[in-house]
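The values are calculated or read from the model by the stated rules, or taken from the named source; none is laboratory data. No experiment lies behind these values; they were computed from the predicted model shown. Here the Cβ positions follow ideal geometry from the backbone for every residue, glycine too, while neighbour counts run over all protein chains shown.
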Amino acid sequence: MATTLSGQVSALATQVGVDVKGLISNIGTLSNLTTTQKASLVVALNELKKAIDDLEGTVAGSVGIDDGAM
């Protein structure tokens, strides 16, 4: 265990580097996304949500369910 301030700072920097590499590894490569938006995971997820919402609207409009016809 690092007992000097310099050693503690060095150990902290090393741990932060390990943590960042782990996060990047878990996220993956954004260019591998099959979405058209690849700037960030948030933008890609928003694209998917919009596509799902549009699809739900299309399906609901074509089915023509009348909830009041009971």
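Of everything listed in (1) at pLDDT below 85; (2) among the charged types (D, E, K, R); (3) in contact with a helix residue (DSSP H, G or I) (Cβ under 9 Å, 6 or more places away or on another chain), the single unmet condition for Lys38 is (1).
Within the range 2-29, residues that are free of Cβ contacts under 8 Å to residues at least 60 places away in the same chain sit with their Cβ atoms under 8 Å from residues that are part of a helix (DSSP H, G or I) and surrounded by 10 or more Cβ atoms within 10 Å (Cβ to Cβ), at 6+ positions apart or across chains, in these pairs: Ala2/Gln8; Ala2/Ser10; Ala2/Ala11; Ile27/Leu41.
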